[in-house]
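Below is one structure, written out as structure tokens; comments come after it.
The values are calculated or read from the model by the stated rules, or taken from the named source; none is laboratory data. Owing to the predicted nature of the structure, the values given are computational and were not obtained by experimental measurement. Cβ placement follows ideal geometry from the backbone for every residue including glycine, while neighbour counts extend to all protein chains displayed.
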Amino acid sequence: MLRATVKSLLARKLRLVLSGLAVLLGVMFVSGSFVLTDALGRSFDNMFSSAMAETDVLVAADPAIDVSELEGEAVPGLLRSADRDTVAAVPGVAGVVGEVQADGARVIGADGKVVTSFGPPRFGANWTGETGGLELREGRGPSADDEIAINVTLAELSKLKVGDRVGVLTTKPKQMFTLVGVFGYEGGLPGRGPVHEVRFTEPVAQELMLGTPGAYTSLSVTAAPGTDPAALRDAIRGALGDGYQVQTGAEAAAAIADGFKEALSFFNNILLGFAGVALFVGTFLILNTFSIIVAQRTKELALSRALGASRRQVIGSVMVEALVIGLVAAVLGLAAGVGVGALLAEVAASFSSLVLAGIGLPLAAVISAFVVGIGVTMIAALLPAVRASRVPPVAALQEVATPDRPLTKLTVSGTVLGALGTGAIAYGLATDGDAVLWLLLGGVLAAFVGVALLSPALARPAVSVLGRLFSWSVPGKLGRLNSGRNPRRTAITAAALMVGVALITGVNTIITSADRSLRGDATDAFQADLIISGQGSPGMLPTFDEALLPKMRELAGVRSVAAEYNEQAVIDGEPRMATAVTDLPTVVQDFSLVAAAGVLSQPAPGEVVVGESYAADSGLAVGDTVTARLPRGEPTTFRIIGMYQATPFYGGFIFGPDIVPGMRTPAPSFAYVRLADGADAAAARKGLEALLVDSPEMLVEDTGQFLDRELGESAQLLLMIQVLLGLAILIAVLGVINTLALSVLERTRELGLLRAIGLSRAATMRMVTVEAVVITVFGALLGVAVGIGLGAAVVQGLADEGLKELAIPWSQVGVYLVLGALVGVLAAVLPATRAARINVLSAIAHD
């Protein structure tokens with residue numbers, strides 16, 4: 001039986017290659033993700049180990065506000081000169097260097113625009129000399145308060161050179177400096193990755209980046225010769241007491257690298273998620289391939305049974321074929337994954353100025369390649385193998401060996417699974433807790449499998465209707481009939497395409513609904529004529545000089561200007577965003593806020609207004625007090641004077657300007673301008689823009705422009721998802737090609753007879769193409785329907801979060817259907833060509 005299995009494999013090499021290719025692509029995605037993150041992770045280890053090579057012990061204060069990235073931005077604690085003196089007095093300390101480093105130093109380039117960053121921080125730091133691998137490339141380090149040095153990365157992006165006068169935005173309004181030096185790092189690096197760095201003199205760095213003279217973010221300690229860094233660490237920890245983080249240089253380097261690798265793991269999980277989708281689609285392809293092969297081998301299997309093969313041996317034969325395919329696909333997929341991971345790592349390193357540590361083969365990549373490759377193939381082949389074992393010996397005498405079976409069990413199973421999946425999604429959206437993500441993922445998976453099981457019942461009537469669009473010719477009629485003759489096969493082939501289209505459509509529906517809902521809320525509630533806000537960037541929110549507010553109010557045509565300040569804070573022990581406004585009554589009008597309790601008057605010092613929903617969750621009422629702590633202040637008690645109904649724009653704590661001195665950047669990040677009746681809006685905008693000339697990050701926009709910019713990120717997200725799901729679509733195309741190729745082989749004699757009675761080669765190709773287009777359009781229609789359903793369920797579940805209106809992206813839906821037809825045409829090229837080239841006499845004699 002084993003020899004027969006091997007001969008069977010060798011006889012069907014070409015048809016099994018396509019099914020193995022689907023697994024190969026999925027394995028490539030999985031293993032490539034691990035190779036990429038492993039290479040980048042080791043590169044970060046090396047980079048920060050080099051940066052800390054001259055530091056034996058690193059001292060930092062506990063964070064002033066410690067929050068996760070999902071909750072906001074952590075605020076580092078500050079060390080004082082007294083702390084440096086304490087550390088310097090510890091026996092075994094040879095030297096202490098106070099370091100200032102904070103995100104938020106934005107350089108204005110030679111073109112007058114702020115040099116943007118798409119993720120990496122823009123550090124402002126003090127000049128400590130050529131330490132930590134830093135190397136001067138041009139000029140010298142800053143020695144006067146109006147001098148700076150920048151790294152090569154920033155110099156190249158800004159097109160600035162030594163001797164230029166440079167504007168820099170920090171926690172203070174724009175200040176001018178002379179660029180006196182450009183520096184890089186050992187190994188010829190232009191920077192520490194893609195980070196932008198501006199180095200000031202120490203007093204200036206303390207004032208502009210920390211707002212506190214004599215403060216540091218860390219202390220770099222050098223041990224005396226013969227002193228063990230770990231022992232020195234413990235001694236310094238004992239001298240300082242609680243409230244400090246004391247690590248050896250190696251520990252600090254590892255901790256910093258771990259932070260970067262945590263971000264990489266998040267990226268890796270996203271890639272693995274899309275790899276999972278690709279493999280899920282690949283499962284349909286393999287299932288279909290083995291189902292067709294088993295159907296084609298009915299006589300062969302029946303003869304094996306007649307000659308004495310047991311059911312177990314038949315199952316074993318099919319599973320051995322699956323094992324070989326999975327093993328080969330895993331090996332080739334792992335090799336391809338190493339190549340893809342290496343290529344992506346090289347690209348990432350070149351864009352981020354990172355020295356690549358070298359490409360390795362992590363154990364996780366190897367294990368996942370073989371577990372996924374072999375596991376997916378074996379699972380997908382199990383049902384066809386069981387079906388093969390049930391072929392009776394008498395089938396060897398039958399002329400037609402592929403009878404159509406009832407669809408009752410599949411239909412019932414699909415209905416049950418679909419209902420369970422929909423219920424899990426609905427429950428997951430309506431509840432909170434750690435299991436929500438798994439409920440949603442499980443619900444989506446169950447819904448997809450349910451629809452896939454229901455699709456055979458839908459296939460025959462659906463393809464019959466779709467096929468009539470092409471029935472104006474004989475090849476079109478034949479293609480329509482062929483696509484509906486085996487609903488199971490058609491459904492499984494279409495289901496592979498359905499998954500990718502459904503996911504894209506679902507995400508698009510959610511994004512479109514969010515866009516429409518937010519725009520509707522803005523139109524209904526927002527009354528301000530112009531908004532002053534900054535272009536989004538990592539680090540601190542862009543701000544402008546609060547001294548401009550009186551000048552804005554004096555402009556012709558301006559009726560009112562309400563400014564808004566924002567800062568991370570801890571309120572009653574929880575990390576929250578604290579908002580301060582200069583004129584709450586005007587903000588109430590601008591955003592159509594409705595009082596729920598108390599009054600919405602301008603908060604006096606020690607007073608606060610809070611959103612009704614948050615107050616209800618926290619058990620707060622008017623007259624109660626809350627304790628708030630800002631980065632530069634002590635905990636302060638505030639009394640609640642009013643509550644308001646939350647909107648998509650406001651929902652938390654609103655304070656008066658008395659909290660502004662406790663913020664890291666005591667400057668407004670937004671301003672809302674209302675114009676007088678009949679005022680010239682264009683003239684008012686020009687006046688505001690002229691005042692903001694020293695704040696190039698700030699824009700003056702109307703409501704529509706502001707929302708277009710804010711919601712533009714969702715379009716980029718959708719594009720990224722479409723690109724990543726393109727792999728699933730590619731595998732679906734392979735599935736159509738494979739199904740048609742096997743179908744052409746199965747119908748060899750039939751095609752020969754059609755050619756013999758006058759069907760031309762061109763007509764044969766059109767027939768196969770119609771069959772492919774009908775299948776892919778059916779899959780696209782199924783995907784669109786499922787995607788809209790899933791998207792609508794999510795929108796309904798998030799109604800309380802502001803998604804009040806379901807909006808279906810009809811134009812994109814039309815594009816997906818057209819692409820579905822195009823996919824069918826492309827997928828039909830090879831099978832149609834093969835069908836057209838069949839030798840008529842040989843085909844008629846084919847058995």
field: Unique match (being at pLDDT 80 or above, in contact with a Pro (Cβ under 7 Å, 6 or more places away or on another chain) and not aliphatic (A, V, I, L, M)) among Glu701, Glu689, Glu697
entry: Glu697
message: Quick check on this structure: which one of Gly598, Gly623, Gly611, Gly642 is over 25 Å from Met209 (Cα atoms), surrounded by fewer than 16 Cβ atoms within 10 Å (Cβ to Cβ) and without any contact (Cβ under 8 Å) to a residue 60 or more places away in the chain?
response: Gly623
- line: Selection from region 245-275 of residues surrounded by 19 or more Cβ atoms within 10 Å (Cβ to Cβ) and not in a helix (DSSP H, G or I) yields Val246, Gln247, Thr248
statement: Being crowded, with 17+ Cβ neighbours inside 10 Å, under 17 Å from Met498 (Cα atoms) and assigned by TED's automatic domain parsing to the domain that holds Leu503 narrows Ala793, Ala785 down to just Ala785
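Yes/no matrix, rows are residues, columns are (1) under 19 Å from Met47 (Cβ atoms); (2) assigned by TED's automatic domain parsing to the domain that holds Leu279; (3) not small (Gly, Ala, Ser):
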| residue | (1), (2), (3) |
| --- | --- |
| Ala345 | yes, yes, no |
| Leu361 | no, yes, yes |
| Ser368 | no, yes, no |
| Pro392 | no, yes, yes |
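Within the bounds of region 559-566, is there any residue that is surrounded by fewer than 15 Cβ atoms within 10 Å (Cβ to Cβ) and free of Cβ contacts under 8 Å to residues at least 12 places away in the same chain?
There is no residue in region 559-566 that is surrounded by fewer than 15 Cβ atoms within 10 Å (Cβ to Cβ) and free of Cβ contacts under 8 Å to residues at least 12 places away in the same chain.
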- prompt: Has region 353-362 got any residue that is polar (S, T, N, Q), under 30 Å from Phe183 (Cβ atoms), under 24 Å from the mean Cα position of the chain (by Cα) and buried (at least 18 other Cβ atoms within 10 Å of the Cβ)?
  reply: yes
query: Among the candidates Glu138, Glu130, Glu147, which residue alone is of a type in the set (D, E, K, R), surrounded by 14 or more Cβ atoms within 10 Å (Cβ to Cβ), more than 36 Å from the chain's Cα centre (by Cα) and closer than 22 Å to Tyr216 by Cβ?
result: Glu147
- line: Selection from region 183-202 of residues surrounded by 21 or more Cβ atoms within 10 Å (Cβ to Cβ) and among the hydrophobic types (A, V, I, L, M, F, W, C) yields Phe183, Val198, Phe200
- request: Taking the residues in region 303-336 that are more than 30 Å from Ser31 (Cα to Cα) and surrounded by 21 or more Cβ atoms within 10 Å (Cβ to Cβ) as candidates, determine which candidate is modelled with the lowest pLDDT.
  value: Arg305
query: Within region 316-373, how many residues turn out to be free of Cβ contacts under 8 Å to residues at least 60 places away in the same chain and touching a strand residue (DSSP E or B) at 6+ places or on another chain (Cβ under 8 Å)?
result: 0
task: Output yes when any residue across region 510-533 is part of a helix (DSSP H, G or I), out of contact with any Phe, Trp or Tyr (no Cβ under 9 Å at 6 or more places or on another chain), surrounded by 23 or more Cβ atoms within 10 Å (Cβ to Cβ) and of a type outside the set (A, V, I, L, M, F, W, C), and no when none is.
output: yes
message: Given the criteria crowded, with 20+ Cβ neighbours inside 10 Å, more than 30 Å from Ile571 (Cα to Cα), out of contact with any helix residue (DSSP H, G or I) (no Cβ under 6 Å at 6 or more places or on another chain) and at pLDDT 85 or above, does Asp38 qualify?
response: yes
- request: Assess whether Gly98 counts as being in a loop (DSSP other than H, G, I, E, B), buried (at least 18 other Cβ atoms within 10 Å of the Cβ) and in contact with a helix residue (DSSP H, G or I) (Cβ under 9 Å, 6 or more places away or on another chain).
  value: no
message: From the list Gly814, Gly779, Gly735, exactly one residue is without any contact (Cβ under 8 Å) to a residue 12 or more places away in the chain, within 23 Å of Ser464 (Cβ to Cβ) and either surrounded by 21 or more Cβ atoms within 10 Å (Cβ to Cβ) or under 38 Å from the mean Cα position of the chain (by Cα) (or both). Which is it?
response: Gly814
- request: Could you identify the single residue in Ala322, Ala336 that is aliphatic (A, V, I, L, M), under 32 Å from the mean Cα position of the chain (by Cα) and part of a helix (DSSP H, G or I)?
  value: Ala336
task: Name every residue in region 661-684 that is within 37 Å of the chain's Cα centre (by Cα) and either acidic (Asp, Glu) or crowded, with 19+ Cβ neighbours inside 10 Å (or both), in order of residue number.
output: Gly662, Met663, Arg664, Thr665, Pro666, Ala667, Pro668, Ser669, Phe670, Ala671, Tyr672, Val673
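Name the residues in region 172-196 that are within 14 Å of Arg122 (Cβ to Cβ) and modelled with pLDDT of 90 or more, would you?
From region 172-196, those within 14 Å of Arg122 (Cβ to Cβ) are 191-196; that's our starting set.
Correct list: His196 only.
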task: Take region 686-703 and flag every residue that is farther than 15 Å from Lys113 by Cα and in contact (Cβ under 8 Å) with a residue 60 or more places away in the chain.
output: Gly687, Leu688, Leu691, Val700, Glu701, Asp702, Thr703
Residue satisfying all of: in region 445-480; of a type in the set (Val, Ile, Thr) and within 30 Å of Gly423 (Cα to Cα); surrounded by the most Cβ atoms within 10 Å (Cβ to Cβ) among these: Val463
- prompt: Among the residues of region 60-69, is there at least one that is over 30 Å from Gly373 (Cα atoms) and among the polar types (S, T, N, Q)?
  reply: yes
- prompt: Has region 600-607 got any residue that is outside any loop (DSSP other than H, G, I, E, B) and not acidic (Asp, Glu)?
  reply: no
- line: Being in the same structural domain as Arg488 (by TED's automatic domain parsing), buried (at least 17 other Cβ atoms within 10 Å of the Cβ) and among the charged types (D, E, K, R) narrows Arg761, Arg749, Arg766 down to just Arg766
